Amino acid sequence: RIHLEEKNKDGTSRFTYTNIEEAQDTLNELTEFVLEAESDGDFNAANPNSSARGGFQFLKPSVVPAINRVEAKTGKIKRFDEVRKTGDVRSLSPEDQTLIFIGDILEKSGSDKYIQNLLDAKTPKEKRNAAYQIYAVLHHTVDSKGNIPKIAELQTKFKLRKYFNE
């Protein structure tokens, strides 16, 4: 809610929407989709081929920047101290892992246009496309050309269609 109610430096709203509860529901839906796409909903997941851990599969080097983005809005959160050292979010509650994910997404540079596209989406297809852009651009690890690996792209698009009942 902090992010949704935030104002730009010129006093205009950071995001536009008709109803804040619907906007929150939309962001919650995004969170649920990414959780499903990354770990099939398993907050204790560990990728054997990388340092990705937790429900949202944060890579070890991405944990501290994500926590920093959250704490820039909330202030210091003591329960994140150990995770800063280990880079493994699995010791956190599902709620805290979700907080880190959504705070990270909302505070990344350039995220506003992607989030606004999701908030503006009217049809399941528009929501699916907006959710995929957020996932691909703001969350998933990309190669040197800025693309997510082909297999991850195909799996994610399949899960998106399933998630949005298409």
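The values are calculated or read from the model by the stated rules, or taken from the named source; none is laboratory data. What you see is a predicted model; the values in this text were computed from it and never measured. Backbone-built Cβ (ideal geometry, glycine too); neighbour counts: all protein chains shown. Note: areas computed on protein heavy atoms with side chains; ligands, DNA, RNA excluded. Shrake-Rupley method; radii C 1.70, N 1.55, O 1.52, S 1.80 Å.
Of note:
- For Asp10, the conditions (1) charged (D, E, K, R); (2) within 18 Å of the chain's Cα centre (by Cα); (3) not in a helix (DSSP H, G or I) all hold with the exception of (2).
- Under the condition of being closer than 15 Å to Pro124 by Cα and either modelled with pLDDT under 90 or open to solvent by less than 70 Å² (accessible area, probe 1.4 Å) (or both), the residues counted in the range 24-36 number 5.
- For the range 112-166, the tally of residues that are among the charged types (D, E, K, R) and either in contact with a Cys (Cβ under 6 Å, 6 or more places away or on another chain) or modelled with pLDDT of 80 or more (or both) stands at 8.
- Of all the criteria given as (1) modelled with pLDDT under 95; (2) among the basic types (Lys, Arg); (3) outside any helix (DSSP H, G or I), the one not satisfied by Lys73 is (3).
- Residues of the range 37-54 that turn out to be out of contact with any helix residue (DSSP H, G or I) (no Cβ under 6 Å at 6 or more places or on another chain) and either of a type outside the set (Asp, Glu) or surrounded by fewer than 17 Cβ atoms within 10 Å (Cβ to Cβ) (or both), as a count: 9
- Under the condition of being small (Gly, Ala, Ser) and either outside any loop (DSSP other than H, G, I, E, B) or over 13 Å from the mean Cα position of the chain (by Cα) (or both), the residues counted in the range 55-64 number 1.
- Among (1) modelled with pLDDT of 95 or more; (2) surrounded by fewer than 18 Cβ atoms within 10 Å (Cβ to Cβ); (3) closer than 23 Å to Ser13 by Cα - the single one Ser109 does not satisfy: (1)
- Those residues of the range 18-44 which are outside any helix (DSSP H, G or I) and either within 25 Å of Leu4 (Cβ to Cβ) or free of Cβ contacts under 8 Å to residues at least 40 places away in the same chain (or both), in sequence order: Thr18, Asn19, Asp40, Gly41, Asp42, Phe43
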